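No value in this document is a laboratory result; all are computed from the given coordinates. None of the values given here were measured: they were computed from a predicted structure. Cβ coordinates were reconstructed from backbone atoms using ideal geometry, including for glycine residues, and neighbour counts include every protein chain displayed.
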Amino acid sequence: MAKPVKQCNHAGCRTLVPFNQSYCDKHHKAVNKYRYHKRVYDSDESKYQQFYKSSAWRRLSRRFLELNPVCIKCYEDGVIRKADVVDHVIEIKDDWSRRLDESNLQPLCYRHHNRKTGLVREQRKQQTK
């Protein structure tokens, strides 16, 4: 049985794509590029996205990971695991002035960073309700 198809969502494009896709290969990249540009430059997040691309942050985070190569949460659990991310203890959305303060940084592995970030997002969402 053939899978259902539909036209690409890009205006004027008549290319048929599988029903679970929105755009053909030609227009998929253009849409991703537009979304990326909007998120980095035109949204509420743009200030923070620009900061994480800055040379000051890249230098600081690289140096911090060289000096602190172990995830502190894993170390507290008795496991030695490489730190992958430099995390802000107090998020920069909550206190912009501490964005380059080394006392506000902690080395984390991806697992603990994602867990902490998810919890902070949930708390922020609960506060705005």
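Taken as a whole, segment 117-126 holds at least one residue that is outside any loop (DSSP other than H, G, I, E, B) and among the acidic types (D, E). Of all residues in segment 41-61, none satisfies being surrounded by fewer than 13 Cβ atoms within 10 Å (Cβ to Cβ), touching a His at 6+ places or on another chain (Cβ under 9 Å) and not hydrophobic (A, V, I, L, M, F, W, C).
Would you pick out the residues in segment 62-81 that are basic (K, R), farther than 22 Å from E122 by Cβ and surrounded by 12 or more Cβ atoms within 10 Å (Cβ to Cβ)?
R63, R81
Looking only at segment 96-106, decide whether some residue is surrounded by 15 or more Cβ atoms within 10 Å (Cβ to Cβ), under 21 Å from L60 (Cβ atoms) and either in contact with an Asp or Glu (Cβ under 6 Å, 6 or more places away or on another chain) or free of Cβ contacts under 8 Å to residues at least 12 places away in the same chain (or both). Looking for residues that are surrounded by 15 or more Cβ atoms within 10 Å (Cβ to Cβ), under 21 Å from L60 (Cβ atoms) and either in contact with an Asp or Glu (Cβ under 6 Å, 6 or more places away or on another chain) or free of Cβ contacts under 8 Å to residues at least 12 places away in the same chain (or both), one finds at least one in segment 96-106, hence yes. Taking the numbered list (1) in contact with a strand residue (DSSP E or B) (Cβ under 8 Å, 6 or more places away or on another chain); (2) exposed (fewer than 13 other Cβ atoms within 10 Å of the Cβ) in turn, K29 passes all entries but (1).
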